[in-house]
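Before any comments, here is the structure.
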Amino acid sequence: MAQRACFVALIEGRRTLERQQWLYAQGRTRPGPKVTPCDGIKTRSKHQDGIAADYWARTKDGRVYCPGPLSPFWEEFAACAAKIKLVTLEKKGDFDHIEMPEKSA
Ligand SMILES: [Zn+2]
């Protein structure tokens, strides 16, 4: 079986409340598209708890870029994440996000 490789670059891991609120303001009180449904207080991001991270693609020569939503990179990214039991949110349109799964009872 061929080994699969997924070249990624960490874009953002743990977030402060201030950073989460700044992101939440985008598309609401600040220009730009909405990037998160989490306001940081009523709805916390898993980034605030340090159990989520965002990754982009990295070329073999080290160039970092964000693939478009239709890129096959994201399918590979989700497959690599699933292999180590991490959750991706591509079905919610949040392609670059990866997080720890909810604890099962
Ligand atoms: Zn994220």
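The values are calculated or read from the model by the stated rules, or taken from the named source; none is laboratory data. Everything numeric here is computed off the predicted structure, so don't read it as measured data. Glycine gets a Cβ as well: all are built from the backbone with ideal geometry, and neighbour counts include every protein chain shown.
Table for the structure above
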{"item": "Residue list for the stretch 57-99, restricted to those being without any contact (Cβ under 8 Å) to a residue 60 or more places away in the chain and of a type in the set (D, E)", "result": "D61, E75, E90, D94, E99"}
{"item": "Verdict on Q48 being touching a residue at least 12 places away in the same chain (Cβ under 8 Å), touching a Leu at 6+ places or on another chain (Cβ under 9 Å) and within 14 Å of the ligand (Cβ to nearest atom)", "result": "yes"}
{"item": "Single unsatisfied condition, K34 versus (1) assigned to a helix (DSSP H, G or I); (2) free of Cβ contacts under 8 Å to residues at least 60 places away in the same chain", "result": "(1)"}
{"item": "Selection count, the stretch 36-48, where residues are within 18 Å of the chain's Cα centre (by Cα) and either among the charged types (D, E, K, R) or exposed (fewer than 11 other Cβ atoms within 10 Å of the Cβ) (or both)", "result": "4"}
{"item": "Members of the stretch 43-62 found to be over 23 Å from K91 (Cα atoms) and out of contact with any strand residue (DSSP E or B) (no Cβ under 9 Å at 6 or more places or on another chain), listed by number", "result": "K60, D61"}
{"item": "Residue among E18, E12, E99, E90 that is of a type in the set (D, E, K, R) and crowded, with 17+ Cβ neighbours inside 10 Å", "result": "E99"}
{"item": "Count of residues meeting criterion [in a loop (DSSP other than H, G, I, E, B) and within 15 Å of the ligand (Cβ to nearest atom)] in the stretch 1-31", "result": "4"}
{"item": "Failed condition for A52, given (1) modelled with pLDDT of 95 or more; (2) of a type outside the set (S, T, N, Q); (3) touching a helix residue (DSSP H, G or I) at 6+ places or on another chain (Cβ under 8 Å)", "result": "(3)"}
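This table checks each residue for (1) acidic (D, E); (2) out of contact with any Gly (no Cβ under 9 Å at 6 or more places or on another chain); (3) assigned to a loop (DSSP other than H, G, I, E, B).
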{"site": "R44", "(1), (2), (3)": "no, yes, yes"}
{"site": "D54", "(1), (2), (3)": "yes, no, no"}
{"site": "A57", "(1), (2), (3)": "no, yes, no"}
{"site": "D61", "(1), (2), (3)": "yes, yes, yes"}
{"site": "P69", "(1), (2), (3)": "no, no, yes"}
{"site": "E75", "(1), (2), (3)": "yes, yes, no"}
{"site": "A82", "(1), (2), (3)": "no, yes, no"}
{"site": "K91", "(1), (2), (3)": "no, yes, no"}
